[in-house]
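Comments concern the structure below.
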Amino acid sequence: MAEMDHAQVEERMWKAIGDDRIGMLGLTGPDAGHFQPMNSYHEEETHTLWFYSYAHNKLAGPLADGKSEAAMFHFVDKDRQVWACVMGTLSRNHSQEHIDKFWDAQAKAWFEKGKDDPDLTMLKFTPSEAEVWINDKGLIRYGLGVLKANLTQSTPDPGVHEKIQL
């Protein structure tokens, strides 16, 4: 696999998150619990991720009154070529601008009272760093690499692995 610099890895990660959008979001601070599958909305200008939520949701509840908490977003693209673990902070932001900006059929399906529901809010994830793995080989070629590594007593090529500051 061709080498990639930090900027290329970051660009590939954001493109994959923007295209596929679904990952696991969870708090890692004092209110940590199980991560939840969430549909992300990538704001390209700031690389902020936004999520629709009910204000009483177990992720949104601890973030009342302007509080923010350490959080993590885990992501794997649909082709299983890009894996990312993104650390940052999560806050609640009842921004009508963002509710309107990202509203789509996916959001409408989950929030039957619509975008004017008083219990609807936005979660704002501000990333600080990510660990990213990229392997363009696909599962079959990766499997063949594992077989070869076993036969030759070597290690398979894992692809690109980078830690990036965001």
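Every number in this text was worked out from the coordinates using simple rules, so none of it is lab data. On a predicted model such as this, the values are computed, not experimentally measured, just so you know. Quick reminder, even Gly has a Cβ in these numbers, built from the backbone with ideal geometry, and neighbours come from all protein chains shown.
Here is how the numbers come out for the structure above:
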quantity: Length released on extending from L147 to S95, taking residue separation times 0.36 nm less the Cα-Cα span; calculated: 13.6 nm
quantity: Model label zone, E129; criterion: amide N under 19 Å from point 7 Å along Cα-to-beta-carbon; scope region 1-23; calculated: 5-11, 13-14
quantity: Lysines with Cα under 27 Å of K58, excluding same-chain neighbours fewer than 8 positions away; calculated: K67, K78, K101, K108, K113, K115, K124
quantity: Nearest 10 degrees, 0 to 90: helix 138-152 Cα axis against the chain principal axis; calculated: 40
quantity: Over the chain: helical MRE at 222 nm, DSSP H runs n ≥ 4 each giving -39500 (n - 2.57), nearest 500; calculated: -8000 deg cm²/dmol
quantity: In order through region 82-95: 3J(HN,Hα) via Karplus (6.51 cos²θ - 1.76 cosθ + 1.60), integer Hz, x for Gly, Pro; calculated: 10, 10, 9, 10, 10, 9, x, 10, 10, 9, 9, 9, 7, 9
quantity: Where only C-alpha atoms are counted, convex hull volume of region 6-165 per residue in Å³; calculated: 128
quantity: Residue-wise HN-Hα coupling along region 112-121, computed from phi with Karplus coefficients 6.51, -1.76, 1.60 (Hz; x: Gly, Pro); calculated: 5, 7, x, 6, 9, 4, x, 8, 7, 9
